[in-house]
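J.: Please see the structure below; I have some questions.
Here, each number is a calculation from the coordinates, and none is a lab measurement. In this text, all values refer to a predicted model and were calculated from it rather than measured experimentally. Neighbour counts run over all protein chains shown; Cβ positions are idealised from the backbone, glycine included.
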């Protein structure tokens, strides 16, 4: 089971923000392309960096904690998934905080209006 540790963390992150995805779905619909480009840019930059670091023997990944499914360049699939899952989680969290802040501001403004 230890070989599923990395995947478990990723799925845990997704499980925590899944309710946020439902709440902010309408907000994200307006800029799906930007969301996709943001995730893609993160994926390309950090996957390239990881591949270089693996090739240069700067670091490796635990065979005990990963599924041992490797992409080209010896990149564990979990690491590639990380660069998709975590940016999505961050963006969803940010959008939810923005939505809650806007709603709180609107309620405050309604109470303050004469």
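J.: Which of (1) surrounded by 15 or more Cβ atoms within 10 Å (Cβ to Cβ); (2) without any contact (Cβ under 8 Å) to a residue 60 or more places away in the chain; (3) within 13 Å of residue 89 (Cα to Cα) does residue 14 not meet, given it meets every other one?
T.: Looking at each condition in turn, residue 14 falls short on (2).
J.: Kindly evaluate residue 67 against the criterion of being in contact (Cβ under 8 Å) with a residue 60 or more places away in the chain and either over 30 Å from residue 95 (Cα atoms) or assigned to a helix (DSSP H, G or I) (or both).
T.: When the stated conditions are applied, residue 67 passes them.
J.: Regarding residue 4, is this residue surrounded by fewer than 15 Cβ atoms within 10 Å (Cβ to Cβ) and touching a residue at least 60 places away in the same chain (Cβ under 8 Å)?
T.: Yes.
J.: Another question, if that's okay. Is it the case that some residue within segment 86-96 is surrounded by 11 or more Cβ atoms within 10 Å (Cβ to Cβ) and in contact with a strand residue (DSSP E or B) (Cβ under 7 Å, 6 or more places away or on another chain)?
T.: No.
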